[in-house]
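Everything below concerns the one structure shown next.
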Amino acid sequence: MRVLVTGGAGFIGSHLVEASLAQGFEVRVLDSLVTGHLANLAPFQKRIVLQKGDVRSLEDCDRAVRGCDTVFHLAALPSVQRSVEDPSGSHAVNCTGTVNILESARARGVRRVVYASSSSIYGDSPELPKREDQPPRPLSPYAASKLAGELYGRAFSASMGLEFVAMRFFNIFGPRQDPDSPYAAVVPIFIHALRTGKAPTIYGDGEQTRDFTYVTNVAEALLVAAQAPADKASGKVFNVACGGRTSLNTIYETLQSLSGTRLPAVYAAARTGDVRHSQADISAAKAALGWTPRVGLEEGLRLTLAAPAATA
Ligand code: NAD
Ligand code: UD1
């Protein structure tokens, strides 16, 4: 199988590249390197084709999808906070970029597009755990943009026959996740704080919860979604998570005890657009795709702490 991974130089994308190569696939990457890093692909550099380009350009997308059977579309500006500060910037990459990929994929006869969606689309709906058939309630421009990508994909599938699967990732962590950007995710920020001895900030009371999920579980889910029979996967949406719910205070406590470091956090006001609780029901992906997460939270945190710090 020849696959394109958009956003392949990013955190999750680079793990998917690694897992795709391990399955014997030919791998092409389209990435603008805006938040991704060449260093993430260094170990695989000789075995992949890297196209530096931008999903906002239809021409770049068209060149990248040519000859590919499957497209994993992960390129995006993945921060809630960034989308609150620059909604049109997030829209251009996350929405227009997705339509460009879908249009190129359809025109070039790609069989299936597997799309990186987000649990943020559930917003603050009170029901927990979140099931795929719950009405979406996006609270941030980022969440709205990820939902728009799902809707476009399903529309292309319904009206043009392009196979499309949306995978709603919950909070993903693991090696190669960038701690340095102002929009970094909380686990690499906490680990970086413990490594450098600078107290991290917890926004709000720290009792907000997330379904923290180790990254190799996600790469495995994406590969299964790409290969599942069309009647089980195409036009469908699946949660990708562990099915648990852990507070930020607990995550920080666990990281301190696993690393043997005590460093009290500083508390600050909650962030605008922040979701209070998030937890997935993962039974749909188990039933339809036969996927189940293999690495649990504590083992994932241990593996992440043991990995080298992410480099630019
Ligand atoms: P990341 O920032 O590490 O990866 C995104 C990649 O996309 C980067 O390599 C970046 O350079 C590339 N990119 C950005 N804009 C681009 C453009 N205009 N053209 C081409 N490439 C571009 O982030 P990640 O955490 O690996 O996220 C990957 C995907 O997963 C995103 O679609 C994100 O919305 C989704 N997601 C992530 C999480 C999470 O917890 N990390 C949760 C839910 C969904
Ligand atoms: C994350 C992803 C997003 C994804 C979503 C749903 C990132 C950057 N964002 O958003 O792409 O769609 O999950 O799966 O990976 N916090 C602190 N201190 C910090 C940083 C964050 O307290 O220094 C708090 C935040 O306010 C939030 C929680 O930690 O309550 C998680 O934040 P973050 O890691 O940014 O993830 P989400 O906003 O949940």
Filtering the stretch 1-59 down to residues that are hydrophobic (A, V, I, L, M, F, W, C), over 20 Å from the mean Cα position of the chain (by Cα) and part of a loop (DSSP other than H, G, I, E, B) yields Met1, Phe25
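Limited to the stretch 17-39, what total is found for residues that are touching a Gly at 6+ places or on another chain (Cβ under 7 Å) and open to solvent by less than 20 Å² (accessible area, probe 1.4 Å)?
Restricting attention to the stretch 17-39, the residues satisfying the condition of being touching a Gly at 6+ places or on another chain (Cβ under 7 Å) are 17, 29-32, 35-36.
After this cut, where a residue has to be open to solvent by less than 20 Å² (accessible area, probe 1.4 Å) as well, the list is 17, 29-31, 36.
Number of matching residues: 5.
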Here the qualifying pairs (Cβ atoms under 7 Å; residues six or more apart or on different chains; first in the stretch 28-53 and touching a residue at least 12 places away in the same chain (Cβ under 8 Å); second in a strand (DSSP E or B) and acidic (Asp, Glu)) come out as Lys52/Asp31
message = Among the residues in the stretch 194-202, are any modelled with pLDDT of 95 or more, under 21 Å from His73 (Cβ atoms) and surrounded by fewer than 17 Cβ atoms within 10 Å (Cβ to Cβ)?
response = no
Residues of the stretch 171-197 being away from ligand 1 (no atom under 12 Å from the Cβ) and under 20 Å from Ala143 (Cβ atoms), in sequence order, are Pro182
Here the qualifying pairs (Cβ atoms under 8 Å; residues six or more apart or on different chains; first in the stretch 116-135 and free of Cβ contacts under 8 Å to residues at least 60 places away in the same chain and farther than 20 Å from Gly153 by Cβ; second open to solvent by 10 Å² or more (accessible area, probe 1.4 Å) and in a loop (DSSP other than H, G, I, E, B)) come out as Ser125/Gln134; Ser125/Pro135; Ser125/Arg137; Glu127/Gln134
Given the criteria in a helix (DSSP H, G or I), in contact with an Asp or Glu (Cβ under 7 Å, 6 or more places away or on another chain) and more than 15 Å from ligand 1 (Cβ to nearest atom), does Thr254 qualify? yes
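Here are Arg106, Arg154: which of them is farther than 18 Å from Ala75 by Cβ and either part of a helix (DSSP H, G or I) or open to solvent by less than 10 Å² (accessible area, probe 1.4 Å) (or both)?
Working: Arg106 fails: farther than 18 Å from Ala75 by Cβ.
Result of the check over Arg106, Arg154: Arg154.
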Considering the stretch 167-184, residues that are modelled with pLDDT under 95 and small (Gly, Ala, Ser), and then whichever is nearest to ligand 2 (Cβ to nearest atom), we arrive at Ala184
Here the residues within the stretch 248-270 that are surrounded by 14 or more Cβ atoms within 10 Å (Cβ to Cβ) and touching a helix residue (DSSP H, G or I) at 6+ places or on another chain (Cβ under 9 Å) are Leu248, Ile251, Tyr252, Thr254, Leu255, Gln256, Leu258, Ser259, Leu263, Ala265
Scanning the stretch 60-89 residue by residue, those over 24 Å from Glu163 (Cβ atoms) and more than 16 Å from the chain's Cα centre (by Cα) turn out to be Val84, Glu85, Asp86, Pro87, Ser88, Gly89
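Of all residues in the stretch 157-175, how many are within 13 Å of Gly300 (Cβ to Cβ) and open to solvent by 10 Å² or more (accessible area, probe 1.4 Å)? Walk me through how you get there before you give the answer.
Step one: list which residues in the stretch 157-175 are within 13 Å of Gly300 (Cβ to Cβ), which gives 170-175.
Filter once more, keeping what is open to solvent by 10 Å² or more (accessible area, probe 1.4 Å): 171-172, 175.
Qualifying residue count, the stretch 157-175: 3.
Restricting to the stretch 217-240, give me the number of residues that are outside any helix (DSSP H, G or I) and on the phi < 0 side of the Ramachandran plot. Spell out the reasoning first.
Taking the stretch 217-240 as the starting set, the residues that turn out to be outside any helix (DSSP H, G or I) are 228-229, 234-240.
If we keep only those that are on the phi < 0 side of the Ramachandran plot as well, we get 228-229, 234, 236-240.
Within the stretch 217-240, residues that are outside any helix (DSSP H, G or I) and on the phi < 0 side of the Ramachandran plot number 8.
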The residue from Ala225, Ala241 that alone is at pLDDT 95 or above, more than 19 Å from Pro129 (Cβ to Cβ), open to solvent by less than 30 Å² (accessible area, probe 1.4 Å) and within 19 Å of the chain's Cα centre (by Cα) is Ala225
Across the stretch 34-66, the tally of residues that are away from ligand 1 (no atom under 12 Å from the Cβ) and not hydrophobic (A, V, I, L, M, F, W, C) stands at 8
When Lys286 is run through (1) closer than 30 Å to Val113 by Cα; (2) touching a residue at least 60 places away in the same chain (Cβ under 8 Å); (3) assigned to a helix (DSSP H, G or I), the failure sits at (2)
Checked Ala116, Ala76, Ala39 against criteria (modelled with pLDDT of 95 or more and in contact with a helix residue (DSSP H, G or I) (Cβ under 6 Å, 6 or more places away or on another chain)); the one match is Ala76
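The values are calculated or read from the model by the stated rules, or taken from the named source; none is laboratory data. Note that the coordinates shown come from a computational prediction; the quantities given were computed from them, not determined experimentally. For neighbour counting, all protein chains shown are included, and Cβ atoms are generated from backbone atoms with ideal geometry for every residue, glycine included. Side chains included, ligands, DNA and RNA excluded: accessible areas come from the protein's heavy atoms. Shrake-Rupley method; radii C 1.70, N 1.55, O 1.52, S 1.80 Å.
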